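The values are calculated or read from the model by the stated rules, or taken from the named source; none is laboratory data. All of these numbers come straight from a predicted model, not from anything done at the bench. Please note: Cβ atoms are built from the backbone with ideal geometry, for glycine as well, and neighbour counts cover all protein chains shown. Just the protein is used for accessible areas: all its heavy atoms, side chains included, with ligands, DNA and RNA removed. Shrake-Rupley method; radii C 1.70, N 1.55, O 1.52, S 1.80 Å.
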Amino acid sequence: MNDCTIIKKLKHNKEKALEQLIDKYSSYVVVIASRIGGSILKAQDIEEIASDVFFSIWKNRHSLIETESIKPYIGILT
């Protein structure tokens, strides 16, 4: 499913869309957090960061812009 469709569903409060977003981008978030945190962060800290990123997206879902890729936004949030 493309990001624009996922964003539209998020705006309509579809929790399944959040699950799809997590499935699609969780590894991306983990890589960014790992690279920034280096050896300072433990695995559970990185998981917490990932949870915070996706919670933030859910909390602010109504202000998301329907775009072809939400990847840059997720990268910035991370």
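A few remarks follow.
- A single member of Asp23, Asp3 is among the acidic types (Asp, Glu) and in contact (Cβ under 8 Å) with a residue 40 or more places away in the chain, and it is Asp3.
- Looking only at the stretch 26-41, and only at residues there that are in a helix (DSSP H, G or I) and of a type in the set (A, V, I, L, M), the one that is nearest to Met1 (Cα to Cα): Val29
- Condition met for Ala50 (of a type outside the set (Phe, Trp, Tyr) and modelled with pLDDT of 95 or more): yes
- Complete set of residues in the stretch 14-25 that are assigned to a helix (DSSP H, G or I) and open to solvent by 40 Å² or more (accessible area, probe 1.4 Å): Glu15, Lys16, Glu19, Gln20, Ile22, Asp23, Lys24
- Just one of (1) at pLDDT below 95; (2) in a helix (DSSP H, G or I); (3) closer than 18 Å to Lys24 by Cβ fails for Thr67. It is (2).
- Of all residues in the stretch 28-66 being farther than 15 Å from Thr78 by Cα and in contact with a Leu (Cβ under 7 Å, 6 or more places away or on another chain), the one that is most open to solvent (accessible area, probe 1.4 Å): Arg61
- Condition check for Ile76 on (1) modelled with pLDDT of 95 or more; (2) aliphatic (A, V, I, L, M); (3) over 14 Å from the mean Cα position of the chain (by Cα): one failure, at (3).
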